[in-house]
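Below you'll find the structure, written out as C-alpha cells, and then a few comments.
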Amino acid sequence: MTRAHGGPSRRTVLLSLALAAPVVAAGCGGSAGEHSASAAAPPADSGRDTTIMIIRHGEKPSSGDPGFDEAGKQDKKSLTRQGWERSRALPRLFAHTVNTAGVEGAAGVAGTAGTAGTAGVDAAGTAGAAGTAASAEAADRASAERTGTAGAGAAAGASGPSGTSNRPAAASAGLPRPATLYAAADLGPHAGAHRMRQTVTPLGEALHVRVNTEFAEGSEKELAAAALSAASPVLICWEHSRIPPIVDALGAAQVAGVPEEWPDRFDLVWVFTRRSGRWTFRSVPQHLLPGDA
C-alpha cells in the first residue's frame, strides 16, 4: 500500500501510543490516590467524648410580671424578678465543687453587669446577692445545728430567695462544672433578647469562665459545631423554641428519652453525654427556687 506524502507511518503511530500509555496510567493512579486521601480525612467533629448541657433562660415577662434590665429599668427583653433570682441561684447548681459553693456563688453574682446594675434590679424588688449570701449562711448554721455537721449546708448549697433552704441535690444529680459557656447573642444585627446572657452571667463570674455570645438565634448548626469542639463540659443557655435544632445539629435528636420540644418549664437541665461515639440523655431538675418541680 502506498503511504500518503507527509502522513505518519504505522510504526511511528504505534511507538507514540506505547510511550503515552505509562503517562496516562500514572495520571489515573494519582487521581485515585487523591480521592482516597480525601475520603479518609477525618470530619470536623471527630466524635471525641464530651458533655453538653442545655438550659432555657430564666423567667421572662408576662402580663403583670415585667422584665427588668441590670439597671432596674423595665425591659421586655430582660428577666423578671424571678428570672433574676434563678440567675443568681444558678452557681449553686454548677459550682458545687467549690468550697461553700452557695456563699461564694452568691457573692460572685454581685458583678452581674456591675454593682450598680445589681443594685438597680434589687430596687425593682429582687433579692440582692448579699442578702442571698446572708440567708445562705443562716440556713447553713441552722442545718449544722440540726445535723451536727458544721458546714454541710454551705457545701450543699445556699438558701432559696425567700430565705428558706431549697438546696439542689447537685452532687447526686452529677451535674459537672462547665468549662465553656454559651448564650445567644443580644447585640448586633441578629441580636435576640438579653435573657440568655443575663441568666448565665453570674455563673460565668462565679466560675471565672467567659460567656461566649458569638452565635445568634438561627445559628444553631454553627453553635453545635463549636460546642462539640470546645472544652468540655459545655453549658448552652438558649431560647427554648430553638433548642431542638441544637440537639438535632449535635446528632442526638434520636437518642432515647429526648423530647421533641422543650417543655413549658424554666427549671430543667438537659444533659447530653457522648462516650465512644454514642450519645446518652437525661433531664435534670434544678430545684433552685420555690415552685421548681
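The values are calculated or read from the model by the stated rules, or taken from the named source; none is laboratory data. Just so it is clear, the model here is predicted, and its values are computed rather than measured. Neighbour counts are summed over all protein chains in view; Cβ atoms, including those assigned to glycine, are modelled from backbone coordinates with ideal geometry.
Output the residues belonging to region 247-283 that are touching a residue at least 12 places away in the same chain (Cβ under 8 Å), in a strand (DSSP E or B) and farther than 25 Å from Ser62 by Cβ.
Val271, Phe272, Thr273, Arg274, Arg275, Trp279, Thr280, Phe281, Arg282
What are the pairs, 6+ residues apart or on separate chains, where a residue within region 224-246 that is farther than 15 Å from Asp264 by Cβ has its Cβ under 7 Å from a residue that is hydroxyl-bearing (Ser, Thr, Tyr) and part of a helix (DSSP H, G or I)?
Filtered contacts from region 224-246: Cys237/Thr199.
Taking the condition over 15 Å from Pro91 (Cα atoms), modelled with pLDDT of 95 or more and assigned to a helix (DSSP H, G or I), does Glu214 pass?
no
Restricting region 53-80 to residues that are part of a strand (DSSP E or B) and among the charged types (D, E, K, R), which is farthest from His194 (Cα to Cα)?
This residue is Asp65.
Name the residues in region 200-219 that are under 13 Å from Ala183 (Cα atoms) and either of a type in the set (Val, Ile, Thr) or touching an Asp or Glu at 6+ places or on another chain (Cβ under 8 Å) (or both), would you?
Val200, Thr201, Val209, Val211, Thr213, Phe215, Glu217
If you scan region 185-206, which residues turn out to be aliphatic (A, V, I, L, M) and crowded, with 22+ Cβ neighbours inside 10 Å?
Keep residues of region 185-206 that are aliphatic (A, V, I, L, M), which gives 185, 187, 191, 193, 196, 200, 203, 206.
Passing the criteria: Met196, Val200, Leu203, Ala206.
From the list Ala253, Ala224, Ala206, pick out the single residue that is modelled with pLDDT of 95 or more, within 22 Å of Gln82 (Cα to Cα) and out of contact with any His (no Cβ under 8 Å at 6 or more places or on another chain).
Ala206
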